[in-house]
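Engineer: My questions all concern the structure below.
The values are calculated or read from the model by the stated rules, or taken from the named source; none is laboratory data. Not measured: the values here are computed from a predicted model. Here the Cβ is made from the backbone with ideal geometry for all residues, glycine too, and neighbour counts use every protein chain on show. The area values use the complete protein model at the heavy-atom level, side chains included, leaving out ligands, DNA and RNA. Shrake-Rupley method; radii C 1.70, N 1.55, O 1.52, S 1.80 Å.
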Amino acid sequence: EPEVTQTPSHQVTQMGQEVILRCVPISNHLYFYWYRQILGQKVEFLVSFYNNEISEKSEIFDDQFSVERPDGSNFTLKIRSTKLEDSAMYFCASTKTSGSSYNEQFFGPGTRLTVL
Amino acid sequence: GENVEQHPSTLSVQEGDSAVIKCTYSDSASNYFPWYKQELGKRPQLIIDIRSNVGEKKDQRIAVTLNKTAKHFSLHITETQPEDSAVYFCAASSLDTGRRALTFGSGTRLQVQP
C-alpha cells in the first residue's frame, strides 16, 4: 500500500539556521499538508497546498515558514531561521482528491526537528 | 475558528472492556470527523471517520457516533485488547466551506491492562 514518506527522520540544527523538511506524498494525491506536534501535545495544522499554491494556513505559519513543490513528487517545508520553540515532530499528509466529499488524510512518519 | 475538546485525557481499562472517548466541536459548519490512533513515536493512523450526513458508523470493534445538534462525537472501542493501547485523537474539518485542515483534539491516552 502506498505511503507518504518523509526525510530526514531526525534533524538537529542550531537556532537561527535554515532547515528544509522533505515529503513525498502518495503519487495520485492532490492536496498536501504540513502539521506539527510538540512533544506530548496535540497535532497542529500549519499549511495546506493544492494546485501549486497555498490553500490554507494557520497563524503558526508565519513569514519564517514556506512551502514548495519543486518537482512532481516532493513537497518541502522550509523554516528560514529556526527558533527553540520550533522543536517538534513535523508531519506531512496528503489527500487523494479535491472533491468536497473526501478528506481522508494520510500521514507520513514525521521528521523530528530539534533546535539547539 | 474551530475548537475541538476531547475527554478524557487518559483512560485505563481492563482487557475485554469497552472504552469511550468523547469530543465536542465548536463550528457548526464542520462536517467531517476522523479519529486517529498514534502509537509512541509513530505517525497518526486513521482508524475510522464519519461525515455529518450519518449518525453512526461501525467497523468491527470500533464505532463512532455523531450528534450534530449537540456538536458532539464519540469513539467506542469494544472488547479492548492490549494492542489498542495508544493515544487517540479526534479531529474535525469542514469540506463545504473549504476548511480541509484538520483541527485536532488534545488526545486520549488509552491503556488496556491485560
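Engineer: Which whole-number percentage describes the relative contact order of chain B, with Cα contacts under 8 Å and a sequence gap of 6 or more?
Structural biologist: 37
Engineer: Let me ask something else about it. Whole-Hz ³J(HN,Hα) for each residue in the range B:100-114, computed from phi via Karplus 6.51 cos²θ - 1.76 cosθ + 1.60 with θ = phi - 60°, x for glycine and proline: what do you get?
Structural biologist: 7, 4, 7, 9, 9, x, 7, x, 10, 8, 9, 10, 9, 8, x
Engineer: I've got another one for you. Relative contact order for chain A: what percent, with Cα pairs under 8 Å and sequence separation of 6 or more?
Structural biologist: Averaging sequence separation for qualifying contacts and normalising by length gives 38 percent for chain A.
Engineer: Show me, for the range B:44-50, the HN-Hα J-couplings you get by feeding each phi into the Karplus relation (A = 6.51, B = -1.76, C = 1.60, θ = phi - 60°), rounded to Hz, glycine and proline as x.
Structural biologist: Per-residue couplings from phi come out as x, 10, 5, 10, 6, 9, 9 Hz.
Engineer: Taking chain B as a Gaussian network, where each spring joins two C-alpha atoms under 10 Å apart, which residue of B:Glu39, B:Glu83, B:Glu15 fluctuates the most?
Structural biologist: Among B:Glu39, B:Glu83, B:Glu15, the largest mean-square fluctuation in the Gaussian network model of chain B belongs to B:Glu83.
Engineer: Label-point separation (nm) for B:Asp96 and A:Ile20, each offset 7 Å from Cα along Cα-to-Cβ?
Structural biologist: Placing both labels 7 Å along Cα→Cβ, they lie 4.2 nm apart.
Engineer: Quick one: how many Å² of A:Asp63 are accessible to a 1.4 Å probe, rounded to 10?
Structural biologist: 130
Engineer: I'd like the FRET efficiency for B:Asn53 and A:Ser66, computed as 1/(1 + (r/R0)^6) with the beta carbon distance as r and R0 of 45 Å, rounded to 0.05.
Structural biologist: Here the calculated transfer efficiency is 0.75.
Engineer: How much length is gained if the chain between B:Thr78 and B:Val20 is pulled fully straight, taking 0.36 nm per residue apart and subtracting their Cα-Cα distance, in nm to one decimal?
Structural biologist: Separation in residues times 0.36 nm, less the Cα-Cα distance, equals 20.0 nm.
Engineer: As a test of reading the structure, rank A:Val24, A:Val19 by solvent-accessible area (1.4 Å probe, protein chains only), most first.
Structural biologist: A:Val24, A:Val19
Engineer: Please build a GNM for chain B, connecting alpha carbons under 10 Å apart, and tell me which residue among B:Val13, B:Val64, B:Val87 fluctuates the most.
Structural biologist: B:Val13
Engineer: Please work out how much length the chain gains when fully extended from A:Asn74 to A:Ile38, using 0.36 nm per residue of separation minus the C-alpha to C-alpha distance, in nm with one decimal.
Structural biologist: Gain in length upon complete extension: 10.6 nm.
Engineer: Just report the Cα centroid separation between the range B:1-51 and the range A:36-63, whole Å.
Structural biologist: Cα centres, the range B:1-51 to the range A:36-63: 20 Å.
Engineer: Using a Gaussian network model of chain A with C-alpha springs under 10 Å, which one of A:Gly72, A:Gly40, A:Gly16 is most mobile by mean-square fluctuation?
Structural biologist: Of A:Gly72, A:Gly40, A:Gly16, the Gaussian network model singles out A:Gly40 as fluctuating most.
Engineer: Going by amide H atoms built from the backbone, whose H comes under 5 Å of the H on B:Leu95, apart from near neighbours?
Structural biologist: Result for B:Leu95 returns B:Asn31, B:Tyr32.
Engineer: Can you figure out the FRET efficiency of A:Ser81 with B:Thr10, using R₀ = 45 Å and their beta-carbon distance, to the nearest 0.05? Each step should come with its number before you reach the end.
Structural biologist: On the way: r = 37 Å, r/R0 = 0.82.
Given R0 = 45 Å and the Cβ-Cβ separation, E is 0.75.
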